[in-house]
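Would you mind keeping the following structure in view while I ask a few things?
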Amino acid sequence: TGELKQPFKDELPTRQAQLSTLQDTEEFDVLVVGGGATGSGCALDAVTRNLKTALVERNDFSSGTSSRSTKLIHGGVRYLQKAIMKLDYEQYMMVKEALHERSNLLDIAPHLSAPLPIMLPVYKWWQLPYYWAGIKMYDLVAGGQCLKSSYVLSKNKALELFPMLKKDKLVGAIVYYDGQHNDARMNLAIALTAARHGAAIANYTEVVHLLKKTDAGTGKEKVCGARCRDVITGNEFDVRAKCVINATGPFTDSLRKMDDGKNTNICQPSAGVHIVIPGYYSPDNMGLLDPATSDGRVIFFLPWEKMTIAGTTDTPTDITAHPIPREEDINFILNEVRNYLSPDVEVRRGDVLAAWSGIRPLVTDPNSKDTQSICRNHIVNVSDSGLVTIAGGKWTTYRSMAEETLDAAVAAHRLGGGPSKTVGLVLEGGQDWSPTLYIRLVQDYGLENEVAQHLAATYGGKAFDVAKMARVTGKRWPIVGNRLVSEFPYIESLSQDA
């Protein structure tokens, strides 16, 4: 695959140093607009092809859709069901690709991801072989990358694992495996890895307008960079690049219209709401899947940070930087929770500890109103002026989407640089991680066990850098690491690292 020629940075540059690089560099090969999973993935793919790479994000990394997911790394069980029922080869290939990417993501960021068993309760006898065949097909499509083999549970065993399940008419359950990850930290790890390899990356830097020049050969106007503004200081500057990549998620069309005001919308935004409820709503180390809700969607109940995430919805929405969950969406999820659990359990609105709404950038005909039927695939488009747009897709396939985008960018702009090198490229924090790393943090630094586990799961091998900054408590135990709030494993050195 060739050697990486970009200088690997042992120490990450400050934001100010990165801004200086953006302003002082005569011309980049690639400028990525958008610091979500897809944009950060594009920057990492570009810089590891030895392309001079820049990325700007107007808010914080993963501040939008990429941090508001279900936290799953999955192939899409329901897409496979549709592929089989409708003999849809495209959906089948989408699932196969996603399962390959699931395996890769679990390998390159072991500190931020792990396999998660998910229970599918069955309430009708005929559903048992039906769902069993579908789940086994899911294992089969994964092939050698299957995380663990799925299995069937009896009614008694299912209730033993999760006593709150509705007992009436319960036949049994099927358990299958998918991946779970910390989406916001994963996004940041991708961006930091790109910066390690030499990409100039800056958050709180927005694009004011695109720069264009007339192509000497064709006489057409070509995009050659962007006018950027430091949101913090208001300072404006130009970043010049041979190729500009639009990876702005739900805001894809606004950048496309900067390129050409006549462009029609290609994104149809869909809101996905999740709620956070107490941990007793899901088994400790197992998720739950409701495969057929009252309106035909699927709902997940997943253990997360000692709580339970329940979601998601799928409704057309307006595009906004700060989407707010609608009360009817919260109540819809709560009603589905009620339908799934024993009547003895009172599900209350007051149990909702938090909620968020993420805008999925679905790519479709703008006249369509039904977002559930849209295949969550993606498109890569190169405009007449050379703007490369990547839109749609899902978290799990960010890497392959980035590879496809850079392949298109390299071909359209003759950038060179060779093939993608991101398969198996370990992300920031993953290099020195091991399942027992937290024990060394406890033994070497005198951190509390829970705090050490949190640091290892958040920072991976970089947890030692955070532990070194922890202040002495003045107590016999823990020796270092003053908690900011007693109920949570967050210590003061986390704010210093941030």
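I'd like the Karplus ³J(HN,Hα) series for the stretch 168-173: coefficients 6.51, -1.76, 1.60, θ = phi - 60°, whole numbers in Hz, and an x wherever there's a Gly or Pro.
Karplus-based 3J(HN,Hα) across the stretch 168-173 equals 4, 6, 5, 8, x, 7 Hz.
For Lys157, Lys462, Lys394, what's the fewest-to-most ordering of other Cβ within 10 Å of each Cβ?
Lys157, Lys462, Lys394
Which of the residue pairs Lys71/Lys136; Lys52/Lys148; Lys52/Lys468; Lys86/Lys148 have a Cα-Cα distance greater than 29 Å in the structure shown?
Going by Cα-Cα distance, Lys52/Lys148; Lys52/Lys468 fall outside the 29 Å limit.
At 0.36 nm per residue, and after removing the present C-alpha to C-alpha distance, how many nm does the segment from Asp238 to Leu140 gain when stretched out fully?
Answer, rounded to one decimal: 30.2 nm.
In straight Cα distance, which aspartates and glutamates are under 15 Å from Lys306, not counting same-chain residues fewer than 8 positions off?
Asp284, Asp351, Glu450, Glu487
Largest first and in whole Å, what are the equivalent-ellipsoid semi-axes of the chain based on the Cα gyration tensor, each being the root of 5 times an eigenvalue?
With the √(5λ) rule applied to the chain, the semi-axes are 38, 30, 21 Å.
³J(HN,Hα) across the stretch 332-341 via Karplus (A = 6.51, B = -1.76, C = 1.60, θ = phi - 60°), whole Hz, x for Gly/Pro?
Whole-Hz 3J(HN,Hα) from phi for the stretch 332-341: 4, 5, 4, 5, 5, 4, 4, 5, 8, 9.
Related question: In the chain, what % of DSSP beta bridges are antiparallel (nearest 5)?
Of the beta bridges lying entirely in the chain, close to 80 percent run antiparallel.
Taking R0 as 45 Å, what's the FRET efficiency between Ala412 and Lys148 from their Cβ-Cβ distance, rounded to 0.05?
The value I calculate is 0.60.
Follow-up question, since we're still on this one. Once every DSSP H run of n ≥ 4 in the chain is given -39500 (n - 2.57) and the sum is divided by its residues, what mean residue ellipticity at 222 nm do you get, rounded to the nearest 500 deg cm²/dmol?
That calculation yields -9500 deg cm²/dmol at 222 nm.
Here is a follow-up. Take each of the peptides 80-90, 235-245, average the number of other beta-carbon atoms within 10 Å over its residues, and list them starting from the highest.
235-245, 80-90
Shifting gears a bit: Only four residue types carry charge here, +1 at the Cβ of Lys and Arg and -1 at the Cβ of Asp and Glu. Report the dipole size of the stretch 102-246 about the Cα centre in Debye, rounded to the nearest 20.
Rounded to the nearest 20 debye, it is 340 debye.
Here's another thing I want to ask about it. Quick check on packing: order 184-194, 416-426, 35-45, 379-389 by the mean number of other C-beta atoms within 10 Å, highest mean leading.
Descending packing order for the listed peptides: 35-45, 184-194, 379-389, 416-426.
Could you tell me the calculated FRET efficiency between Asp444 and Asp284, based on Cβ-Cβ distance and R0 = 25 angstrom, to the nearest 0.05?
That pair, Asp444 with Asp284, gives E of 0.30.
List Ser149, Ser63, Ser270 from most exposed to least, where exposure is judged by having the fewest other Cβ atoms within 10 Å.
Ordered by Cβ neighbours within 10 Å, fewest first: Ser149, Ser63, Ser270.
Measuring from label point to label point, each 7 Å out along Cα→Cβ, what is the Arg227 to Gln431 span in nm?
In this crude spin-label approximation the distance works out to 4.1 nm.
Label His322 and Val423 with points 7 Å out from Cα along Cα→Cβ: what is the distance between them in nm?
Each label point lies 7 Å from its Cα, and together they span 4.3 nm.
Under a crude label model (7 Å from the Cα following the beta-carbon direction), how far is Asn331 from Asp60 in nanometres?
Distance between the two pseudo-spin positions: 3.3 nm.
Give, in whole angstrom and from largest to smallest, the semi-axes √(5λ) of the equivalent ellipsoid of the stretch 437-497, with λ running over the eigenvalues of the Cα gyration tensor.
So the three semi-axes of the stretch 437-497 are 15, 13, 11 Å.
Residues of the stretch 262-283 with the amide nitrogen closer than 15 Å to a label point 7 Å from the Cα of Ser342, along Cα-to-Cβ, please.
Counting only backbone N, you get 280-283.
While we're on this one: Multiplying the sequence separation of Lys167 and Asn263 by 0.36 nm and subtracting their Cα-Cα distance, what value in nm do you get?
Roughly 29.1 nm would be gained on extension.
Report the relative contact order of the chain, percent, no decimals, based on alpha-carbon pairs under 8 angstrom and at least 6 residues apart.
Across the chain, relative contact order equals 19 percent.
Starting from the amide H of Ala114, placed 1.01 Å from N in the peptide plane, find each other amide H under 5 Å away whose residue is 5 or more places distant or on another chain.
Residues meeting the criterion, in which the H sits 1.01 Å from N, are Gln180.
Taking the dipole about the Cα centre of the chain, with the C-beta of Lys and Arg at +1 and of Asp and Glu at -1, give me whichever of Val466, Thr205, Ser66 is farthest to the positive side.
Ser66
Ordered by packing density, taken as the mean number of other Cβ atoms within 10 Å over each peptide's residues, highest first, how do 142-148, 272-278 rank?
272-278, 142-148
Every read-out reported here was derived from the displayed coordinates using simple, explicitly stated rules and does not represent laboratory data. Everything quoted here is computed from the prediction, not taken from an experiment. For neighbour counting, all protein chains shown are included, and Cβ atoms are generated from backbone atoms with ideal geometry for every residue, glycine included.
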